[in-house]
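Visitor: My questions will all concern the structure given below.
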Amino acid sequence: MFTKILLPIDLAEEKMTKYAVGYAEALAKAFDADIRLVNVQSLTPIALLDYTPKDFDENIRRGLESELAAIAAGIDYAPERISTTLLFGPVYQHILAEAESWGSDIVVLCSHRPGMERFLIGSNASAIVRHATCPVLVLR
């Protein structure tokens, strides 16, 4: 049923990431599917560019890629079936584009950050649900 599971994660939310990884891992094992972890980061604001070191973005990228790799390595599943990608820019647009270009059968994501209980579903999750061309599993 599912062959490619896209798992957008927020590296700032360790508890939610572990929760979502558990679901994606279970689905992957049940359906013999590949998993792609994706993290989307905001771009450095233009107003700050003059005040950041030249290698700032590259250092940030390396650190984030290392975090993604560590999460992927912690998944109890065949490493060759797990990939990661780090993107920069608008969150939901990049997640939708990645789902489309990779050919995802399902997107598994958390609904919002903790402390935002007043919202039924976060704005990025809501946009992904509305515009995705594949099923979306939203975790709370």
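Read the figures in this text as sums done on the coordinates, not as results from a lab. These numbers come from a predicted model, not from an experiment.
Visitor: What are the ³J(HN,Hα) values, in whole Hz, obtained from phi via the Karplus relation 6.51 cos²θ - 1.76 cosθ + 1.60 with θ = phi - 60°, for each residue of the range 92-107 in sequence order, with x given for Gly and Pro?
Guide: Rounded to whole hertz, the list is 5, 5, 6, 5, 4, 5, 5, 4, 5, 5, 7, x, 4, 8, 7, 10.
Visitor: Also, I was wondering about something else. So if I take the centroid of the Cα atoms in the range 1-30 and the same for the range 71-104, what is the distance between those two points in Å?
Guide: 10
Visitor: While we're here: Could you derive backbone 3J(HN,Hα) for the range 135-140 from the dihedral phi with the Karplus parameters 6.51, -1.76 and 1.60 (θ = phi - 60°), listing whole Hz in sequence and x where the residue is Gly or Pro?
Guide: Rounded to whole hertz, the list is x, 10, 9, 9, 9, 10.
Visitor: Right, here's the next one. Any chance you could run the full-extension gain for residue 59 through residue 140? It's 0.36 nm times the residue separation minus the Cα-Cα distance, nm to one decimal.
Guide: So the extension gain works out to 25.9 nm.
Visitor: With θ taken as phi - 60° and the coefficients 6.51, -1.76 and 1.60, list the Karplus ³J(HN,Hα) couplings across the range 74-83 in order, rounded to whole Hz; mark glycine and proline as x.
Guide: 3J(HN,Hα) across the range 74-83, in whole Hz: x, 7, 7, 7, 4, x, 6, 9, 10, 10.
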